[in-house]
1. Would you count, across the chain, every pair of lysines whose alpha carbons are under 16 angstrom apart, provided the pair is eight or more residues apart or spans two chains?
2. Would you work out the charge dipole size for the stretch 366-419 about its Cα centre, treating the Cβ of every Lys and Arg as +1 and the Cβ of every Asp and Glu as -1, and quote it to the nearest 20 debye?
3. Between LEU324 and ASP64, take the C-beta separation as r, use R0 = 51 Å, and let me know the FRET efficiency to the nearest 0.05.
4. Divide by every residue of the chain the summed helix terms, -39500 (n - 2.57) for each DSSP H run of at least 4, and state the resulting mean residue ellipticity at 222 nm, rounded to the nearest 500 deg cm²/dmol.
5. Determine the shape class of the stretch 300-457: with a ≥ b ≥ c the square roots of the Cα gyration tensor eigenvalues, call it rounded for a/c under 1.5, and otherwise prolate if a/b is greater than b/c, oblate otherwise.
6. So, by mean Cβ neighbours within 10 angstrom, what's the order for 135-143, 215-223 with the highest one leading?
7. Loop-only GluC sites (Glu not before Pro) in the stretch 235-334, please: DSSP not H, G, I, E or B, and at most 11 other Cβ atoms within 10 Å.
8. What is the sum of charges around THR300, taking Lys and Arg as +1, Asp and Glu as -1, for the other residues whose C-beta is under 15 Å from the C-beta of THR300?
Amino acid sequence: MKSERGAEEKLCLRDRCRVLGVAIVAVVATTSAVWAGEAGNSDRLIPSPMLSLTLREALSAAADSNPDVLLYKERIQEAKGQVQTQLGAMLPNLSADVRQSRRTQFLGTIGLSPVRTDPFSIFDARISATQNLFSLSLIQRWRASRQSLQMTEQEAEAKKLDTMATVALAYMEGLKAMALIKAHELNQQIMEELLGTIRQRQRGGLATGLDIARLEAQLAAERQQSSSAGYELDHAKFSLINLLALPTHSAVALTDQWRMDVPEIPRSQKAVEDALGQRPEVQAQSTRVRAAELMYASMTGERVPSLVAQGDYGLVGNRWSNTLDTYSMALILQIPIFDGAQREGRIVQARSQWQQEALRMRSVLNQVTMEVQDALASLTAAKEQVGIAQAGLRMATKELDLARERYAVITSASHFELTNGLSAVARARENLVNALFQLNAARINLARSTGSLETLN
């Protein structure tokens, strides 16, 4: 147990160091651009150091740096402030007031002669306190605010996992583009070798210019597809830079490799149960239902009488040096009787909101179940497609080898067999790349749908 715990601590420390390295490189890249601008080279930025990213580092950086994730963290702080506000309504409310006034009084207002008094001074220093001793409505509001805080935290976790899934898929798009570039380069290498062989045979009168033109057209198509894959790689890197909030001129290198093997696919029922227990969306909606229920209880609690204690103590006199102490105390029982049916309207509204959240809970459960089952079906199909694509590449490679041997030793061999073999190999390589991408994308989608994305490697 100690050795396993030590290994886990070392792995966690290594991941933190890598994430710290990502942040340091990003700061260095930003600082380099600023220095370049201050030096007057605003139209020519200093090249940024290459930032090597593994999938795990990209996921960790997204959880720490993505603006949308940080926005939800701020919403958590807002919800904490709301909890504090609701709690403060049940705590003592203290205030102090000091007043020195100079006034005259019209005696007619109190039934005396309609004359004005001479000016006189009043000094009043007073401290007042109010305490809600019992209010069912306030108690339920405070409990509802705590549920809202928990719901916000769960929503933030869901947003973080969504962002991590988007980063992982963008990473896989980059690996796909890199694999396509490599496949097209291998195709071009074979075509260039065969092009040299055909030209030699043309000089011997065994090949025609049409054969060369046909192969050169295939070579040009491969170069075009390789260029397109290069753009897809740049696009995936730009997406990662945006998701990780890195400087726009950062240079990124993807260092991970695709997984060729897939662990045992879990049973559908077990996967759904794990998802319903782990998905933050399910937890957030359940908390939202509870918060709506407490708000409904708060509204109905307005029908219950509440008890409030009030008091003040102060010094009153003509001057601050000539005062007498005074105080007042009161215990108030507030009994709601009729407010124009406003209270009943709020109760009806709160009850409806509670029922709406309960109905949304059913929708969330159905959505999560569907996502898990779809991810399992996608993973099963992708695993099968990888096997078929691998077998297809072996057969296409064998076809091309046989066509090359036949073309080399038989003078009357058709050139179409050679070009067909080349097309078959190119198509088989692309099919394998697409199948591997689908396999790894399905693995990410399954991890996200079951709420286990943070354990993805």
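Just so it is clear, none of the values below were taken in a lab; they were calculated from the coordinates. This one's a predicted model, so the numbers in the text were calculated from it and none came from an experiment. Cβ: placed from backbone, ideal geometry, glycine included. Neighbour counts: every protein chain shown.
1. 4
2. 220
3. Numbers: r = 63 Å, r/R0 = 1.24.
My answer for the efficiency is 0.20.
4. On the way: 9 runs with 309 residues, N = 457.
Computed mean residue ellipticity for the chain: -24500 deg cm²/dmol.
5. Details: a/c = 6.97, a/b = 3.71, b/c = 1.88.
Here the stretch 300-457 falls in the prolate category.
6. Those peptides, ordered most packed to least, come out 135-143, 215-223.
7. GLU264
8. My count for the surroundings of THR300 gives +2.
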